[in-house]
Every structure is written in structure tokens, then in C-alpha cells.
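The values are calculated or read from the model by the stated rules, or taken from the named source; none is laboratory data. Everything numeric here is computed off the predicted structure, so don't read it as measured data. So basically every Cβ, Gly included, is an ideal-geometry build from the backbone, and we count neighbours across all protein chains shown. Surface areas here come from the heavy atoms of the whole protein model, side chains and all, with no ligands, DNA or RNA. Shrake-Rupley method; radii C 1.70, N 1.55, O 1.52, S 1.80 Å.
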Amino acid sequence: MRARRRWVLPLVVVIAWLAIGGPLGSFAGRLAEVQENDNAAFLPSAAESTEVMEAQAEFVGDEAVPAIVVWEDPAGLDDADLERIADQAAGLSGIDLVDRDRILPPIGALEQSPEQLVSDDGQAIQLVLPISTSDSDQLQEVILDIRATVDGGTATDGMTAYVTGPAGILGDFTEAFGAIDGLLLVVALIVVLVILLAVYRSPLLPLVVLFSAVLALGTASAIVYALASTDRLDLNGQSQGILFILVVGAATDYALLLISRYREELREHESVVDAMRVAWRGAVAPIVASALTVVLGLLCLLLSDLTSLRGLGPVGAIGVAMSMVVALTFLPATLLLLGRAAFWPRRPTYASEHPQSRGIWGRVARMVGERPRRVWIAVSLVLLALAALAPQFEDEGVPQTDVFLTDVESVTGQDVLNAHFSAGSGDPTYVLVGQQDAAQASRIIMATDGVADQPVMPQGAAPPSAQGDRSEAGSTSAPDDATVVDGQVLLQVTLTDQPDTAAAEATVEQLRSDVDVVGTDVLVGGTTALQLDALNTSVRDRNVVIPTILLVVFLVLALLLRSLVAPLLLIVANVLSFAATLGVAAMVFNHVFNFAGGDPSVTLIAFVFLVALGIDYSIFLMTRVREESLRGDTRPAILKGLTVTGGVITSAGVVLAATFSALGVLPILFLAQIAFLVAFGVLLDTIVVRSLLVPALSYDIGRLIWWPGGLASTARHRKTRSWAVDKS
């Protein structure tokens, strides 16, 4: 009866997870319903450009995102082309959510005298269509309708129409993120399955691990969905993609650690229940410490001023927390019910030999024990050489058109637009200024290098009597007829350079400096200003968040290891590994992939994951070393810990690197960069830092690694294992 009761609790746990967690799995496919991928989802929360964007709605009546249609014929637009353009423009004005009253130039001008609107070279015409929504899904539908109306990207009788501008780029961006719901998750799961099959050589165990990961993802997705749908949490496509990868990787890593310890204990205990009890007790501390480190590290992102990063913090933290809960409840219960059969056909039998003692990790441990100082010095020099390349890593931002890694119509259209018109046309910079200072500000703006045309009032910002007359609506020399909101007017400025390029950002910086003569309350916004503010905010975030993460990780490690020396060693090793990863990435991004640059938030995201996740493997190692040290001397314990954890930690690192590599299937620059940085960095941490640098340096330091806590002397008399590292 007692033996039967031992199986009741595991069975109840499994049934409860299947009953509750199973139905929640559908929420992983519903997260797109609560995503926000508009500009506001990626903006700095407290920035000059954000304030201007919020003020724009007060002037034009509602929020609008401009789409630009550009028609081009390299042979020159003839009368037939102009007639077709006028017909298509009339159709565009009837599309739902396109604001007909604010189309530039007005449809009437295109119908009556289109030849006057042709570019100076006679080869192109552009039409700006304000779309009255910032919802990414609605915006994408409107862009599809616009492209269908003008046969976007398709040449007809020598003339081709392209849909671009902020709305076109955002529509293509939303479409690229559409792969997250299906392709990304499928690729990640297949990659993990293949690796687990190679690791366990068992058909059953990989399926148990993957099912655990799917349960964790479904539960985490349900929590994120509930919070995002009530506006308590910000979710965008970037955060969702990282959530999927993070949960699959973390849940698998925690499962590998528990299963490895369980398999080890099955050779020490005849009873499956006793083996799991010891394995669970041995694995719970490193798993909880690992999860806590990552969760707290991610929550440090709440200190960020970038909305996207501030939302990523709790989203990722929820995912990691659920991965831990599943690994410590559902997984051990399932393994208990399956018993030794879970490892079929290679079942570990009671009193059988531990294969780790004679494997590759036994040889690595002997090398570390024989030449510890030589090992850690050599590894440190290599890492320092790679870290010296880190300053070449480019993360100063890129134009939105360089975000895509595949050909998209909005990028091609922007190139066509730049070839025939002022590069800044269609996506202007805005200046918010007091009514009494508008004329002075206009003169200062025109005197600034990089400004293409006389500042005007944005279409729709003039009073109703003037809306039909663009010359009156655009006058700043006599601002009495301008719309005034709280004593302020809004000026629209066209730049000579393409929006959000380095040259355009320099112009915005100069504008801000110049208009300060008018008053410090004059604000400059627009797409370029948003990019500039995001870059400056990212620099500020790095200076605040990175030290906070290091402090949090140090405190967790100090509490876990009851030491100050060991945590300091682990953190220094991982920071060095991170710097080396940046150096390698700089060479690969600049000279192999030829990326145009990098998103300024990439470095911070990579740091969070590489330090928080990379420290995990050192946690797995050092908690086992401390456990073995309680039975004897520290130096033999280091070699024992390295031997028994080498295989599982390496497997965990390969799994996590492979899952993050799956982000590369999405053709978005910053996701591809995060994929490489985390994947390479995790492998570097797993294979080099945790296998060589940390154990060699720890061995050289010896028992002082536990200073000032030390080890309880009474622990020396605890039971000694029946096996040890092969000394031969």
C-alpha cells in the first residue's frame, strides 16, 4: 500500500498539468492578437520626439501613418501613364482608413494636371496617403489593398508602382513577424528534438522533454496574453519571438540537468523513487538559482526607457519562471511514472558503472588538474585578444530600410523615391513651437543645412476654411490662420537626406540646437528624431541596466555559493566571454554578412542573455563542486564536478545555442544579430569558459574560492560516492 501511494502524487501532478496546462497551449498562437508593433511599441517613453508624436494627433485630428506610392518609368512618364496614375489614385482614395482629405497632392491635382507633379527628370510621381490607424494588423491590410490597387512592384508597359513610406515599411515589418506564430516555433522544436535524440539515443525521453517545454510555453503565453490584453504588459513581435525561443531553450536546459542527475542516481539507488528524491534535491538549487538569475536579470530591463525593452523584461521573466516550474513538477512526476523505461533502450541499471568517469570530460578534468595555471592563462589571453575587437562592433542604428534581410517592396520603393525626389519627402520632421515664435523658428529652420524646403503647416492642421488651399495652410510668415493648440503650432520640415539615416540625424541634432535660440520649449520630432532619441536612450539604458544586472547576479551567486570570491570569479569570466563574443560578432557582421550596422538595443539584449544565461552553466558546475567539496577537499571536488556535469552542461549549451539560432529564420536584422550573438556566446561560455577557464582558475585558487563563508567541517564525514574520476 505504501508503494502504491508513492505513485499517487506523481500521477496527480501529471493529470493536473494536462488538465490545466494543456488547454492553455492555444494561447501561444493567439499572442499576435495582443501584439503592438507600431512606432509606439518601440519608442523611448520619455523623449522629445515622443512628445511631438503625441501632440500631432491634437493638430491633425487623429493619428495617421503616411504611405507613399511612387510610380516610375525610366523612359519617362507619357500621357497614357499619367492617365493610368490618375485612375489608380482615384481608387486609392476610396480605400478604407485612407484619409482622402489629407492626400498629398490632392486627388484633384492628379486628375486635372498630373504633368505638373512629375519629378524634375520626368520619370516619377509620388502620392502620400495618410492612413488613419496605428494598429499594425489594420495597417498591413491597408497596405495590401493599396498594392493590389496599383499592382505594387509589378511593371506595366514600362511603368512600375511601389508602396513605401513609414506605413509601407511597417506593413512589411508586420508581415515578416508573421512567421513567429508558426515557422519559428516549429524550427526551434525540430532543432531541439534532433539534438535530444543524439544526446539520449532514446525515442521516448526527447518527447517527454519537448512536451514539458510546450507546456511551459503554453502556460507562459496564457499569462502574457492575460496581462497584455489588459494593458498591464507591453508585447511586440520581437518580445514574442524571444519568448518562444527562451522558453524552449530554458525548459530543455533545466530538463537536461534534472535528467542527468536522475540517471546518475539510478545507478546509485535500486528504488526509482529514492533516485528521484536525491536527484530532485540535488538539482533544485542550481535550477532555481539559474532561473532566479535570469528572471531578475530580465526584470532589470524595467529600468529601460525603451518601450520594447521594458516589455521584454517581464515577458521573458514569465517564460523562464514557467520553465522552472514545469521542470521541477511535471517533468519529475512523468519520469517517476515511466521509471527506468524512460531511458530505453539504454536503461541505467543499479550499481552499474558511471560512464562519465572514463569519457572525454574525465580527460579534460585531468588536464585541468595537472596544468591549471597554464590552462586559465592561455584561455584568458585568447579571450582578451577577441575582446580587443569589440570596439569595432557597430550598434549606432540603421535606417528602417536596412532592417530587412530580404528584398521587400517598401525598401525598393524608398530607393526609387530617393532617386527622383528629395529623400526626406513623404516622411517629414516636425517642429512644435509657440504661436508667437513660429515665424522666427521658420527662418532659423530654413537656414539650417540639410533642410530641403520652406517649413509648412502639415496638411489637415489648418482651420476648415483653409483646408482646400495648400498655400494658406502652409504659410508660417503669417501664422494667424494656423491651427493653434494650447498656444502652439506644428511646422512640417522636409530634409534633404533619407529619414533615419546618420546624415538626417545630424540635421535633426543641428535643428534642435538652432531652435533653442527661440526657446527650450521648442521640440523637434518625426521618424528621424525618433531614431535619434532611441539611440541616445539605448546608450543611457546600457549605462543603467548593465551595472544593475551585474549587481543582481553577484548577489544571487553570493547567496547560492555562500562566498564572495567564487561569484566575482564567475562574473569576471562571463563578462570577458561577452566582450570576446562582441569582438567575433563585429568581424562576422562587418566582413562576412556585410550588415549595414546594428540596432542600438542589440548589445543590451545580448548582454542580458549572455550574462544571465551564460552564468547558468557556471552555476550548474559550481553548485555541484560545492556539494562535492562538503565531502572532501575542494580541488578534487572541482575535477569531480567538471567530470559529472561536463556532458549535460555542454548538451544544454548546444540546445540553447541551437534554439536561439532559430531566430535567424526571420528576415529581420536585429533578430539575426541576437541569434548569432547569443548562440555563439553560449557555446563560448559552455565549451571554453565553464569547461576550462572557471575550473582551472578555481583549482588554482583552491579552498579560498569559498571565502569568506568556507565549508562546514562536519560535512567531511558525509557519505562518499562509490566512484571517482579515473586517475589513470
Worksheet item: Do we find a residue being at pLDDT 90 or above, open to solvent by less than 70 Å² (accessible area, probe 1.4 Å) and assigned to a helix (DSSP H, G or I) anywhere in the stretch 64-79?
Response: no
Worksheet item: Can you name the residue in the stretch 387-406 that is charged (D, E, K, R) and either open to solvent by less than 70 Å² (accessible area, probe 1.4 Å) or in contact with a His (Cβ under 7 Å, 6 or more places away or on another chain) (or both) and is also nearest to D541 (Cα to Cα) among such residues?
Response: D395
Practice prompt. May I ask you to list the residues in the stretch 201-227 that are open to solvent by less than 10 Å² (accessible area, probe 1.4 Å) and within 14 Å of G311 (Cβ to Cβ)?
Written response: V224
Worksheet entry | Test: S229 is under 15 Å from S26 (Cβ atoms) and of a type in the set (G, A, S) | yes
Worksheet item: Quick check: is even one residue across the stretch 304-322 within 30 Å of R540 (Cβ to Cβ), open to solvent by 50 Å² or more (accessible area, probe 1.4 Å) and outside any loop (DSSP other than H, G, I, E, B)?
Response: yes
Worksheet item: Residues in the stretch 120-149 that are more than 33 Å from the chain's Cα centre (by Cα), buried (at least 17 other Cβ atoms within 10 Å of the Cβ) and not aliphatic (A, V, I, L, M): how many?
Response: 3
Worksheet item: In the stretch 201-227, how many residues are of a type outside the set (A, V, I, L, M) and outside any helix (DSSP H, G or I)?
Response: 3
Discussion item. Conditions first: (1) modelled with pLDDT of 80 or more; (2) farther than 26 Å from A80 by Cβ; (3) not hydroxyl-bearing (S, T, Y). A176 passes all but one, so which condition is the exception?
Written reply: (1)
Discussion item. Just the residues that are of a type in the set (S, T, Y) and open to solvent by less than 20 Å² (accessible area, probe 1.4 Å), please, taken from the stretch 150-195.
Written reply: T160, T164, T174
Worksheet entry | Answer from A124, A188, A176 - the residue that is in contact with a Pro (Cβ under 8 Å, 6 or more places away or on another chain) and in contact (Cβ under 8 Å) with a residue 60 or more places away in the chain | A176
Worksheet item: Does the stretch 544-558 contain any residue that is at positive phi and open to solvent by less than 40 Å² (accessible area, probe 1.4 Å)?
Response: no
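Condition check ((1) surrounded by fewer than 24 Cβ atoms within 10 Å (Cβ to Cβ); (2) in contact (Cβ under 8 Å) with a residue 24 or more places away in the chain; (3) in contact with a helix residue (DSSP H, G or I) (Cβ under 6 Å, 6 or more places away or on another chain)) across all residues:
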| position | (1), (2), (3) |
| --- | --- |
| P499 | no, yes, yes |
| Q510 | yes, yes, no |
| L523 | yes, yes, yes |
| T528 | no, yes, yes |
| L532 | no, yes, yes |
| L535 | yes, yes, no |
Item to complete: State whether the residues of the stretch 228-247 include one that is open to solvent by 10 Å² or more (accessible area, probe 1.4 Å), of a type outside the set (G, A, S) and within 18 Å of T293 (Cα to Cα).
Response: no
Practice prompt. Out of A198, A285, A275, report the one residue that is buried (at least 24 other Cβ atoms within 10 Å of the Cβ) and part of a helix (DSSP H, G or I).
Written response: A275
Worksheet item: Looking only at the stretch 409-441, which residues are surrounded by 24 or more Cβ atoms within 10 Å (Cβ to Cβ) and free of Cβ contacts under 8 Å to residues at least 60 places away in the same chain?
Response: A438
Worksheet item: Within the stretch 1-50, how many residues are modelled with pLDDT under 80, of a type in the set (A, V, I, L, M) and within 29 Å of the chain's Cα centre (by Cα)?
Response: 5
Worksheet item: Which one of V545, V572, V556 is assigned to a helix (DSSP H, G or I), under 20 Å from the mean Cα position of the chain (by Cα), under 21 Å from G681 (Cβ atoms) and of a type in the set (V, I, T)?
Response: V545
Worksheet entry | Which numbered condition S471 misses (of (1) assigned to a loop (DSSP other than H, G, I, E, B); (2) of a type in the set (S, T, Y); (3) at pLDDT below 75) | (1)
Response to the item:
Residues of the stretch 98-146 being of a type in the set (V, I, T) and not in a strand (DSSP E or B), in sequence order, are I103, I107, V118, T133, V142, I143, I146
Practice prompt. Tell me, please, whether a residue that is touching a residue at least 60 places away in the same chain (Cβ under 8 Å), surrounded by fewer than 24 Cβ atoms within 10 Å (Cβ to Cβ) and of a type in the set (A, V, I, L, M) can be found in the stretch 249-268.
Written response: no
